[in-house]
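Data first, discussion second: the structure below is written as structure tokens.
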Amino acid sequence: MLVNNAGMAQQKLFTDITEAEFDRINAVNFKSVYNCCKCAVPFMVNQKKGKIINISSMWGVCGASCETVYSATKAAVIGLTKALARELAPSNIQVNCIAPGVIDTKMNSILSPEDKKALADEIPMGRFGTPEEIAGVVSFLAGKDSDYVTAQVITVDGGLT
């Protein structure tokens, strides 16, 4: 099993992102997923089994203003997931993606208490998700109950998107 769970974001207008910032965000959010898959896939194909779980973002599904590059890299993870799943299905390898919403993690710790409350008020469930809730979906995708699930994007966002 491989779980690709790397991410970094930068809130900036698209016109203000430098090429160096673009390269760094792309390297962390997308190229790392590509590289880890490139390492794991030959072993999985040889074993004729495996599970790859990529962590994207709800912003990879619908896009976020002032997080254009982040959104684009997370959308690339979704595209890679769907294409790789179809390519690896004959080898009994499932490739799926989780698109978390606003989760109470270090990435969101920079928000002020006021911004956190305003954001939570936009979420139909009225709160941020927890890392444990994402881990539960990872656990499902990693287990036997998901052996016929592949090329899927599971959005875990409290109803936000």
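The values are calculated or read from the model by the stated rules, or taken from the named source; none is laboratory data. Keep in mind that this is a model prediction, so the values were computed, not measured. Using ideal geometry, Cβ is built from the backbone for each residue, glycine included, and neighbour counts are taken over all protein chains shown. Just so you know, the surface numbers come from the protein's heavy atoms only, side chains and all, with ligands and any DNA or RNA stripped out. Shrake-Rupley method; radii C 1.70, N 1.55, O 1.52, S 1.80 Å.
Comparing K31, K82, K116 in a Gaussian network model of the chain where C-alpha atoms under 10 Å apart are linked, the largest mean-square fluctuation is found at K116. Amide H to amide H distances under 5 Å link I52 with L2, Q94, V95, N96, where only residues 5 or more positions off or on other chains count and H is placed in the peptide plane. Counting only protein heavy atoms and a probe of 1.4 Å, the accessible surface of the range 62-161 is 58% carbon and sulfur. A straight line joining the Cα centroids of the range 114-161 and the range 44-80 runs 14 Å. Accessible area ranking (1.4 Å probe, heavy atoms, ligands and nucleic acids excluded), largest first, for F140, F14: F14, F140. Close amide H partners of V102, meaning residues 5 or more places away or on another chain with modelled amide H under 5 Å apart, are G129. Here the contact order of the chain, divided by its residue count and restricted to Cα pairs under 8 Å and six or more residues apart, works out to 26 percent.
Under the simplified labelling scheme, the M1-N35 pair shows an inter-label distance of 2.4 nm, with each label point 7 Å from Cα along Cα→Cβ.
The stretch between F22 and N46 holds 5.1 nm of extra length on full extension. This uses 0.36 nm per residue minus the Cα-Cα distance.
Between A89 and M8, the contour length at 0.36 nm per residue exceeds the Cα-Cα span by 26.2 nm.
Every helix of 4 or more DSSP H residues in the chain counts as -39500 (n - 2.57), and over all residues that averages to -14000 deg cm²/dmol at 222 nm. Among the lysines, select those whose C-alpha is under 27 Å from the C-alpha of K51, and discard any that sit fewer than 8 residues away in the same chain. Candidates past the 8-residue exclusion: K31, K38, K74, K82, K106, K144. Ranking N54, P42, A135 by how far each Cα lies toward the positive end of the dipole of the chain (charges on Cβ) leaves P42 at the top. Within the full protein context, the accessible area of C97 is estimated at about 0 Å² for a probe radius of 1.4 Å.
Let me spell out the model: positive unit charges on the Cβ of Lys and Arg, negative unit charges on the Cβ of Asp and Glu, origin at the Cα centre of the range 31-161. What dipole size does that give, in debye rounded to 20? All intermediate terms of the calculation are to be shown ahead of the outcome.
On the way: 13 positive and 12 negative charges, 141 e Å.
For the range 31-161, the charge dipole is close to 680 debye.
From the P(r) of the range 1-40, could you give the percentage of C-alpha pairs in the tail past 16 Å? Across the range 1-40, Cα pairs with separations above 16 Å total 40 percent. A 1.4 Å probe run over the chain, with the rest of the protein chains in place, finds 56 Å² accessible per residue.
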